[in-house]
């Protein structure tokens with residue numbers, strides 16, 4: 001079944017070209033359960049065969065990811081907060097919680113968005129709390145593109161060098177994901193340390 005799905009994706013990307021990558025990555029980056037792991041590597045494989053440009057594959061993947069993330073962001077801005085303000089008390093979400101979320105993303109939205117785009121199971125949904133908190137759209141777009149860009153680059157290069165062997169791609173990606181998650185943990189720890197030190201420095205100057 002999965003093999004047939006992957007074959008269909010390769011055929012779709014080959015037929016639709018870069019527009020197909022944008023559409024499929026838009027779906028993956030929004031709330032549709034469509035894994036990027038079966039979209040970009042086949043396109044990277046086609047690039048290795050000379051049927052596509054690797055640079056344009058990566059650009060199309062980033063564009064689709066950004067469009068899908070902005071779609072989720074827009075949904076959260078349009079309906080998220082009004083919905084929670086009206087019904088949040090039934091799921092223990094108060095106005096105070098919403099205000100704190102907004103303050104958090106105002107201060108840490110850039111690192112949260114960047115790291116979130118790299119983590120499995122989170123990358124598709126990090127746009128929702130960002131939109132709910134009305135994070136600065138320009139910052140959201142920049143750090144979404146950076147995080148998505150790294151992930152798309154990894155997937156494209158995996159397909160380019162490994163080929164269309166999904167089992168082998170899965171083995172490599174399992175190791176890569178572990179390394180990415182570990183890097184994200186270290187990045188967050190480093191960010192927290194630097195942020196706390198800078199906060200202490202600002203308080204000393206105020207005194």
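The values are calculated or read from the model by the stated rules, or taken from the named source; none is laboratory data. If you're wondering where the values come from, they're calculated on a predicted model, not measured in any experiment. Backbone-built Cβ (ideal geometry, glycine too); neighbour counts: all protein chains shown.
Looking at 30, 65, can you tell me which residue is surrounded by 15 or more Cβ atoms within 10 Å (Cβ to Cβ), modelled with pLDDT of 85 or more and closer than 29 Å to residue 160 by Cα? Exactly one residue qualifies, and that residue is 65.
Could you look through the range 38-53, keep only residues that are in contact (Cβ under 8 Å) with a residue 24 or more places away in the chain, surrounded by fewer than 24 Cβ atoms within 10 Å (Cβ to Cβ) and within 12 Å of residue 163 (Cα to Cα), and pick out the one that is farthest from the chain's Cα centre (by Cα)? Give the steps one after another, and end with the answer.
To start, the set of residues in the range 38-53 that are in contact (Cβ under 8 Å) with a residue 24 or more places away in the chain comprises 38-48, 51-52.
Cutting the leftovers down to surrounded by fewer than 24 Cβ atoms within 10 Å (Cβ to Cβ) gives us 38, 46-48, 51-52.
Cutting the leftovers down to within 12 Å of residue 163 (Cα to Cα) gives us 46-48.
Working: 46: 23, 47: 23, 48: 25 Å.
Among residues in the range 38-53 that are in contact (Cβ under 8 Å) with a residue 24 or more places away in the chain, surrounded by fewer than 24 Cβ atoms within 10 Å (Cβ to Cβ) and within 12 Å of residue 163 (Cα to Cα), the one farthest from the chain's Cα centre (by Cα) is 48.
Counting only residues that are loosely packed, with under 13 Cβ neighbours inside 10 Å and more than 19 Å from residue 184 (Cβ to Cβ), which one in the range 92-115 is modelled with the highest pLDDT?
First pass over the range 92-115, keeping only residues loosely packed, with under 13 Cβ neighbours inside 10 Å: 92, 94-97, 99-100, 103, 107.
Okay, now just the ones that are also more than 19 Å from residue 184 (Cβ to Cβ), so 92, 94-97, 99-100, 103.
Working: 92: 55, 94: 64, 95: 69, 96: 71, 97: 68, 99: 71, 100: 76, 103: 81.
Per the stated criteria, the residue is 103.
Checking each residue in the range 132-153 for being over 22 Å from residue 81 (Cα atoms), surrounded by 22 or more Cβ atoms within 10 Å (Cβ to Cβ) and over 9 Å from the mean Cα position of the chain (by Cα) picks out 143, 152. Of all residues in the range 143-189, those that are free of Cβ contacts under 8 Å to residues at least 24 places away in the same chain and within 23 Å of residue 63 (Cβ to Cβ) total 1.
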